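Data block below; observations after.
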Amino acid sequence: MKEECLICKAPLEYLQEDLEMECAICHKKELSKTRCVAGHFVCNECHTQGIDSIFGLCLSETSKSPLEIIQKLMKLPFCHMHGPEHHIMVGAALLTAYKNAGGEIDLQKALLEIRNRGKSIPGGACGFWGACGAGISTGMFVSIITQSTPLKQEPFGLANRMTARSLNAIGEIGGPRCCKRDSFLSILQAIDFVEEQLGISMERSPIVCRFSAGNNQCIGSRCPFSPANT
């Protein structure tokens with residue numbers, strides 16, 4: 001059985017209305033649209049347990065390629081095929097590569113900020129909000145490096161344009177969701193955007209997806225990162 005439910009591996013189902021559900025791990029109750037067909041629900045907090053391990057990797061990383069960094073993060077034990085951890089990891093990989101490429105930021109402080117912001121984006125935002133968390137993570141990344149606030153002018157515009165650019169790339173491919181594909185697409189847009197707008201040149205690394213065997217909804221050759229297209 002390919003990975004779906006973290007408890008029993010059964011397929012997930014997505015509801016149209018929120019229901020009060022109890023997390024099968026921590027037993028906290030909250031509203032959600034997502035559970036497995038056997039009824040198990042795992043909250044965002046439990047789904048991202050272990051996320052703080054990204055700090056050690058990112059703070060010691062020397063690569064200027066966020067694509068290389070995100071693939072290392074995806075191999076850490078806490079990371080699942082799909083899940084809200086990607087809403088943090090995309091921004092973390094970009095912040096790390098940006099710092100290594102000459103961007104002037106306090107990386108540790110920035111990583112803490114992307115973790116806190118990313119954790120507020122629930123799983124399933126891609127389908128229910130019309131805004132994939134991986135794409136939003138690129139906007140949060142730009143917001144952090146430009147010190148944007150709701151009252152700023154240029155940083156405000158840059159952060160929103162970054163998110164829009166990532167979401168457009170994700171929307172052009174269409175669904176069903178794949179957190180790996182959407183992360184790669186978003187990062188590619190961010191590499192170009194940051195060089196164009198901020199003059200910092202992060203590096204690209206080749207991407208050939210090695211995760212498709214774990215994705216029940218893989219779109220195959222329609223994915224630009226499919227081995228069939230390389």
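Just how far, in whole angstrom, is region 55-86 from region 160-217 if you go by their alpha carbon centroids?
First find each Cα centre; the distance between them is then 14 Å.
When the chain is fully extended, how far beyond the present Cα-Cα distance does residue 156 get from residue 104, taking 0.36 nm per residue of separation?
Result: 16.8 nm gained on full extension.
Looking at [x] 47, 46, 31; [y] 50, 42, 32; [z] 83, 37, 27, which value of Cα extents along the principal axes in Å comes from a calculation on the structure shown?
So the structure-derived entry is [y].
Run the numbers for residue 222 and residue 28: contour at 0.36 nm per residue of separation, minus the present Cα-Cα distance, in nm.
Between residue 222 and residue 28, full extension yields 66.0 nm more.
Determine the calculated [θ] at 222 nm for the chain from helices alone, applying -39500 (n - 2.57) to every DSSP H run no shorter than 4 residues and normalising by the residue count; nearest 500 deg cm²/dmol.
Details: 9 runs with 106 residues, N = 230.
Mean residue ellipticity, 222 nm, calculated: -14000 deg cm²/dmol.
Roughly how many Å² is the accessible area per residue of region 121-230, as a whole number, for a 1.4 Å probe?
Per residue, region 121-230 has 47 Å² of solvent-accessible surface.
Name the residue from 57, 190, 142 whose Cα lies farthest towards the positive end of the charge dipole of the chain, charges +1 on Cβ of Lys and Arg and -1 on Cβ of Asp and Glu.
57
Cα axis of helix 133-146 to longest principal axis of the chain: angle in degrees, 0 to 90, nearest 10?
30 degrees
Of all accessible surface on region 132-205 at a 1.4 Å probe, what whole percent is carbon and sulfur?
51 percent
Relative to the first principal axis of the alpha-carbon coordinates of the chain, what is the inclination of helix 154-173, with its axis defined by its Cα atoms, in degrees from 0 to 90 and to the nearest 10?
Its long axis makes an angle of about 50 degrees.
Provide the gained length on full extension for the span residue 210 to residue 19, in nm with one decimal, where the gain is 0.36 nm per separating residue minus the Cα-Cα distance.
Computed gain between residue 210 and residue 19 is 65.3 nm.
Given +1 on the Cβ of Lys and Arg, -1 on the Cβ of Asp and Glu, and no further charges, what dipole in debye does the chain carry about its Cα centre, rounded to the nearest 20? Display every interim value, and only then the final one.
On the way: 23 positive and 23 negative charges, 69 e Å.
Approximately 340 debye in magnitude.
Of 207, 88, 187, which has the largest mean-square fluctuation in a 10 Å C-alpha GNM of the chain?
207
So what is the relative contact order for region 79-144, in percent, with contacts set as C-alpha pairs under 8 Å and at least six apart?
Rounded, it is 46 percent for region 79-144.
Tell me the per residue accessible area of region 1-75 using a 1.4 Å probe; a whole number in Å² is fine. If you can, show how the numbers build up before the last one.
On the way: 4140 Å² over 75 residues.
About 55 Å² of surface per residue is accessible.
Please work out the FRET efficiency for the pair residue 37 and residue 164, using the Cβ-Cβ distance as r and a Förster radius of 25 Å; give the result to the nearest 0.05.
So, using R0 = 25 Å, E works out to roughly 0.10.
Rounded to the nearest 10 degrees, what's the angle between the helix 107-118 long axis and the longest principal axis of the chain, both from Cα atoms, 0 to 90?
Approximately 40 degrees, to the nearest ten.
Given contacts defined as C-alpha pairs under 8 Å and at least six residues apart, what's the relative contact order of the chain, whole-number percent?
So the answer I get is 18 percent.
Residue 7 versus residue 230, label points 7 Å from Cα toward the beta carbon: distance in nm?
3.7 nm
For region 70-201, calculate the relative contact order in percent as a whole number, restricting contacts to Cα pairs under 8 Å that are 6 or more residues apart.
Computed over region 70-201, the figure is 27 percent.
Please give the charge dipole size of region 62-119, origin at the Cα centre, charges +1 on K and R Cβ atoms and -1 on D and E Cβ atoms. Round to the nearest 20 debye.
Values: 8 positive and 5 negative charges, 19 e Å.
Once rounded to the nearest 20, the dipole reads 100 debye.
Dipole magnitude of region 82-218 about its Cα centre, charges +1 at Lys/Arg Cβ and -1 at Asp/Glu Cβ only, in debye to the nearest 20?
Numbers: 13 positive and 11 negative charges, 80 e Å.
Dipole about the Cα centre, nearest 20: 380 debye.
The values are calculated or read from the model by the stated rules, or taken from the named source; none is laboratory data. Since we're looking at a predicted model, the values are computed, not measured. Backbone-built Cβ (ideal geometry, glycine too); neighbour counts: all protein chains shown. Accessible surface is based on the protein model in full, side chains and every heavy atom, while ligands, DNA and RNA are left aside. Shrake-Rupley method; radii C 1.70, N 1.55, O 1.52, S 1.80 Å.
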